[in-house]
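Following: one structure in C-alpha cells, then a few remarks.
The values are calculated or read from the model by the stated rules, or taken from the named source; none is laboratory data. Just so we're clear, the structure is a prediction, and the values are computed from it rather than from any experiment. Note that each Cβ is placed from the backbone with ideal geometry, even for glycine, and that neighbours are counted across all protein chains shown.
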Amino acid sequence: MEQPGRNRPSIVIAGGGTAGWMTAAAFARILGQHFHITVIESSQIGTVGVGEATIPHIRDFNEMLGVDEAEFVSATGATYKLGIRFEGWLNHGSVYHHPFGSYGLSQFPVNFAGAFAAANRISPLALDDVGVATQAMINRRFARPVPHLHDYSYAYHLDATRYAAFLKRYSLARGVEHIDAHISHVQIDSASGDISKLNLRDGGSIPADWVIDCTGFRALLIEGVYRSPFESWKHYLPCDRAVAMGSAPSSRPPPYTQAAAHKAGWQWQIPLQHRTGNGVVYASEFADGELGIELLSRLEGINTANPPRQLSFTAGLRRETWVGNCVAIGLSSGFLEPLESTSIYLIQLGIYKLLELISTKPNPHHRAAYNRAMTTEYEIIRDFLILHYRLNQRSGEPFWDYLRNMPIPASLQAKISAYELRAELPSYEIGLFKWPSWLAVFAGQGCQVRQIDPRLCGQTSQLATEMERLKHDCHQAALAMPPHHEMLPLPAARPITNLANHEHGQPRP
Amino acid sequence: MTNKVLIIGDQFSTNFIATVLRNRITGLDLTGVICAPAPQRIEAPLTNIDKFTALLGIQWQRLVSQGAVELCLAHRFSSAKLTCASATDYFALADYGAAHFIPFEQHYQKVRATGDDSPFSSYCLAASAAALGKFQLPIAADRQNQQRFDASVKFDLDALSPLLNGACDRTVSLIESGLEIGATARHCSLQGLAHPLEFDLVLIAEPALMPDANHTEAPAWIPKFNRDSGYTASDSIDALTTLTAVEHGFVKQVQTRKQLQREVLTLAPGERAQLPKSFWQRDIVFLGAAAIELPHLLGSYTDQLIQELDALLKYWPYTAFDPISERYNQQVRDWYVRYLELQYLVGVSLSESPGWTRNCEVHERLQLFNQQGYWETKEGDILGKNDMIHLLLCLGNLPQQQHPIAAGYPLELSIDLCKSLRMAISQQVATLPPTADFYRWVERSTSISG
C-alpha cells in the first residue's frame, strides 16, 4: 500500500482519540489546502479519552473549526461548566470554588486581592460571595455571559469519546484520510534523522513530512523512536492512579466539576447529559486500589455491574515534545492530573503552537521555540496544581502531611511568598491561569496575607461596605440566571444511552 | 505607613515624581531638593497618553492648550538597511493591515517578494497620517472597521516642569548635612530650614548621588553610547520622532513647536554600560537616570521614571526597610532588561555596525522572526506581540520564508489586498486635517470654554 507521490507535503497523525482527532480537525480546517493529512488509527487499540471536564478555551477551538454550539452540545452529551468546586481540600468540611471568571467590578486604589484581604480583616467574607460565576455555581444557575457586562466565561463537561467521534466526522468531511491500521515500525532518513515513512503491519507504508504522535501514554514515536526523555514530577504531584466508573445522570446537573479530597488523593464527579462521570485519583504510595473502589461504590446511582476502569500515570513532561519532524501532542507529550481540567487545553495549545510554527520542512529554531513554549505552559499548570495540595491543613493524614511539607519548585515558592506578603498575585501574560484563578485557590486554601497595602489602612470600613454591596450584586446577578438544567437540551432530545454499553464501556478522567 | 518622603533631583524629575505621588497616594508629606534646573531636553516617551496623564492627574487637553505637551503619533526610522523605496519607514503604536484569515504581515511579505517596495507604514493609518503631517485623535481598539489609532506625548522639560510645581510641601536647593548615601538618610538638615527633618523614604533621581559601590557592569549585548545634543528653532509642526542610522551610531530628532532637538548617539564599542546592583537600597530608591543612564533609540528617560513610579506605587512600603523592596527590585530589573532588549532590536535592525554583540537571547529571537515571521514573546515584553511584529517590519526585518498557509494563498489576491488597502488608507489620510490645525483647534476650544 505504498502511497503515490503527492504534490502537497504530508502530515501523518499517529493515533486517533481526543488528541488525534482534535489535531486532524484543526489541521484540516487551517492547513487542509496545503498539506495532505492522514490519521493512522487502529480500531484494535482503545483510547484513554482524556478530559471530560474542560476549560473555556475549548470554545475558541470549536469556534475556529466553525462548529455550531447546539450541535456540539447535543453530539457530545455536554453540560455547561462555570468552574470547579473543591471540597475538603483545606480541611474536612471546607468548600471553595474556582470559577471561570473574575471577582468584583469596582475600582479600588490597589488590586482586588489586596482590597479583599483588607476588607476581610474588618468583616470576614468568603471570596465565593463576590464572584458572579461562583454564585451561579452555588445556586446551580447558568447563563451565557453578556460581553462587556459579565466578567466570567464557561466551558463544558463532555463525553470525550463522543467528542473524538464528532471531530472524526468533521475531519473526514474535510478531506482527512483515515487508515485503520497498526504502525509496525518507521523509516528514518539518515541525513536529517527525520521519520520518512511509517510502515504498517499489513505491509503498506505512508510517507511523511511531518508526524504527529497522538498515541497517548504509549508515546510510540516520541519515546519509541526518538527516546525523548520524560521528566517525572511525581515528587511534586504523587497521585499516579485513577479508578473511573459511570453512574446515572442527575436530573439537575450542577454547572461545575466537583473535586473532593480524600485521605490519599481526590475524587471527581462530572455531570453529563446521559451519565455522571466519577473517578478517584490517588497516590499508590499512600493507598491501594481498594480505596478507589470503596469510595466509588458509596456513590448514589453507581453501576457496579461494570468493572471500574483502572488508569496508571506519572505526572511530568518531555522537555522536547518536538524532535526531528515528530511532534507529540496529548498524553504522549506529558501528563498532569485532571484536577484543573487542563488535558484538552494542552492538546489545543500544542496544536495552536504548531500551526504558528509549521513550515514545509521542520526548522530547528522553530522546534526550540515550540519546546520552550510548551515547557513554560506545563510548568505554570504544574505550579498551580501543586498549590492546591501544598496549602492543605489536613493534619495527621500521611499523604496530606507529605504534600504540606515537601520541597516545591522555586517558581511556586516565589508566588506563595508574594501573596503572603501583600496579596500580590501572579501577573504573567504567557500561560494559563490568570490572577483570579490564583486568588481563588490562595483564598480557598486559607493562605493568610501578612500586610495590607498601607494605602488602604484608613479605608478598611469603606472597603468592607463596598464588599457587602458586591456580595449583594453578585448574588442577584446569579439568581437572575435560569437553572442550569433548563439550559440543556430537553431529555427527549438527548441521545438514549444504555449505561452498561456506552462507548468503550467506561468513562474517562 | 511611609509618609515623609524626600525627593532629590533636577527640577523636572523632582516635580514629576512629586506630582505622581501626590496624585496617587493621600496623606504624604513631600520635600523636594532641587539640585539643578530642569535640563534642556525634549522627551518623547513610549508611554501611552492615557497612562501618562492618569499618572499626573492632569487632562491632556489642559497640557496641550498650555503648550506643555504635544502629541506624538509615530516614529520615523531611516537607514540604508531599509529596503523600501524611501529607505524610511514609520512605526506607530497602532493597528496595521486588514482583517483576514492570514495575518496581514504575511501578505506584505509575499508582495514585497515580488519587488513592491512600499513601506510597511503604508498599511497603517496612524503612521501614514503622521508621515504626511496629518493628525487624528486616538481611537479606541474596539471600534470595528477602524484601525486603532494611539498616541503618546512629547514635551520640552522646561515647558512641562512649571505645571508640576507645587506638588511638594516644601522645596529647597541644598542638603546641608545628614544625607549619607550608602548608610541611611533619615535625618537631613536642609538649607533654609531651622531644624533637621526626618524622612521615611528618600527618592533620588540625581545620577551623581548613585554610589559607585552600587554599580555593576552590564552584559556585553547592552550597548553603550556617547551622547551629544544640540538645539535649533523648530521649523515645522509634526507628530513624530526621527531616528536615522549613521556610520557609527544614530541621529535622533524630536521637535516641539518651539525647538528641535538633535542628538548624536555614537556607539562606544568595548565600553560597558553600568547597571545598579539594587534600585531600592535600605531607605533609598534610585530613580530614572540615577538608576541607569540609557540610550533611548525608542522611548525616553521619562519611560524609566514612569515605570519605576508604577512599581513604587504598587509596592508602597510601610517602612523604608519593608521586605517588599525585594519585589520592587526584581520588577524594575526585569523591566530594564526588556526595555534594553527593545533598544537593541531597534539598533541592530537599523545599523550594520560591528559594535553590536549578537550572541544573546534577544538576537536569537530576532533571528527566529527573520526566518518565518514568528515572534517569540517573553514575559514582560515592552510591546505586545502585534506591536512588536509591526515594529520589526518597520525596522526592515523581512522574514525569509513564508508560512505554508500564506505560501499557498494566491499571490494575485495578496497583491490586490495590499493595493486596495494602501489606496483606502491614502484616501482616508487625505481627509484628515494637518497637525497644525489640531493645535489651533485645541487652543480655540480651550479659549471658548474659558
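Some notes on this structure:
- Residue A:477 being loosely packed, with under 14 Cβ neighbours inside 10 Å and either among the aliphatic types (A, V, I, L, M) or at pLDDT below 80 (or both): no
- In the set A:358, A:351, only one residue is within 11 Å of chain B (Cβ to nearest Cβ), within 20 Å of residue A:37 (Cβ to Cβ), surrounded by 23 or more Cβ atoms within 10 Å (Cβ to Cβ) and in contact (Cβ under 8 Å) with a residue 24 or more places away in the chain; that residue is A:358.
- In the set (1) more than 30 Å from residue B:81 (Cβ to Cβ); (2) away from chain A (no Cβ under 14 Å); (3) surrounded by fewer than 22 Cβ atoms within 10 Å (Cβ to Cβ), the condition left unmet by residue B:287 is number (3).
- Residues that are within 12 Å of chain B (Cβ to nearest Cβ), in a helix (DSSP H, G or I) and of a type outside the set (A, V, I, L, M, F, W, C), drawn from segment A:407-451: A:411, A:415, A:417, A:419, A:420, A:422
Here is a yes/no grid of residues against (1) modelled with pLDDT of 95 or more; (2) part of a loop (DSSP other than H, G, I, E, B):
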| position | (1), (2) |
| --- | --- |
| B:50 | no, no |
| B:54 | no, no |
| B:81 | no, yes |
| B:89 | yes, no |
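- Flag for residue B:445 being more than 22 Å from residue B:373 (Cβ to Cβ), in a helix (DSSP H, G or I), at pLDDT below 90 and not aromatic (Phe, Trp, Tyr): yes
- Residue A:376 falls short on exactly one of the conditions (1) more than 14 Å from chain B (Cβ to nearest Cβ); (2) hydroxyl-bearing (Ser, Thr, Tyr); (3) surrounded by fewer than 22 Cβ atoms within 10 Å (Cβ to Cβ), and that condition is (1).
- Lone unmet requirement of (1) within 13 Å of another protein chain (Cβ to nearest Cβ); (2) buried (at least 23 other Cβ atoms within 10 Å of the Cβ); (3) assigned to a helix (DSSP H, G or I) for residue A:64: (2)
- Residues of segment A:390-402 include at least one that is of a type in the set (A, V, I, L, M), more than 14 Å from every other protein chain (Cβ to nearest Cβ) and touching a Lys or Arg at 6+ places or on another chain (Cβ under 9 Å).
- Residue satisfying condition, being buried (at least 16 other Cβ atoms within 10 Å of the Cβ), away from every other protein chain (no Cβ under 14 Å) and on the phi > 0 side of the Ramachandran plot, within set B:380, B:396: B:396
- Within segment B:91-115, being among the aliphatic types (A, V, I, L, M) and either assigned to a helix (DSSP H, G or I) or closer than 14 Å to residue B:396 by Cα (or both) holds for B:111, B:113.
- Scanning segment A:115-123 for any residue that is within 14 Å of chain B (Cβ to nearest Cβ) and either crowded, with 23+ Cβ neighbours inside 10 Å or in contact with a His (Cβ under 9 Å, 6 or more places away or on another chain) (or both) turns up at least one such residue.
- Looking across segment A:401-419, just one residue is surrounded by 15 or more Cβ atoms within 10 Å (Cβ to Cβ) and either on the phi > 0 side of the Ramachandran plot or of a type in the set (Gly, Ala, Ser) (or both), and that is A:418.
- In segment A:107-137, the residues that are in contact (Cβ under 8 Å) with a residue 24 or more places away in the chain and not in a helix (DSSP H, G or I): A:108, A:109, A:110, A:111, A:123, A:125, A:126, A:131
- Checking residue B:101 against (1) aromatic (Phe, Trp, Tyr); (2) over 21 Å from residue B:135 (Cα atoms); (3) buried (at least 21 other Cβ atoms within 10 Å of the Cβ), the condition it does not meet: (3)
- Filtered by the rule that a residue be assigned to a loop (DSSP other than H, G, I, E, B), within 14 Å of chain A (Cβ to nearest Cβ) and on the phi < 0 side of the Ramachandran plot, segment B:2-37 gives B:2, B:3, B:25, B:26, B:28.
- Number of residues in segment A:153-176 that are among the small types (Gly, Ala, Ser) and surrounded by fewer than 21 Cβ atoms within 10 Å (Cβ to Cβ): the value is 4.
- If only residues of segment B:315-333 that are facing another protein chain (nearest Cβ under 7 Å) and surrounded by fewer than 20 Cβ atoms within 10 Å (Cβ to Cβ) are counted, the one that is nearest to residue A:452 (Cα to Cα) is B:318.
- Some residue of segment B:138-157 being part of a helix (DSSP H, G or I) and modelled with pLDDT of 90 or more: yes
- Qualifying positions in segment A:11-26 - under 21 Å from the mean Cα position of the chain (by Cα) and either closer than 22 Å to residue A:63 by Cα or within 11 Å of chain B (Cβ to nearest Cβ) (or both): A:16, A:17, A:18, A:19, A:20, A:21, A:22, A:23, A:24, A:25, A:26
- Residues that are touching a residue at least 60 places away in the same chain (Cβ under 8 Å) and small (Gly, Ala, Ser) number at least 2 in the following strands (runs of 3 or more DSSP E) confined to segment A:184-254: A:241-247.
- Screening residue B:304 with (1) in contact (Cβ under 8 Å) with a residue 40 or more places away in the chain; (2) not in a strand (DSSP E or B) gives one miss only, at (1).
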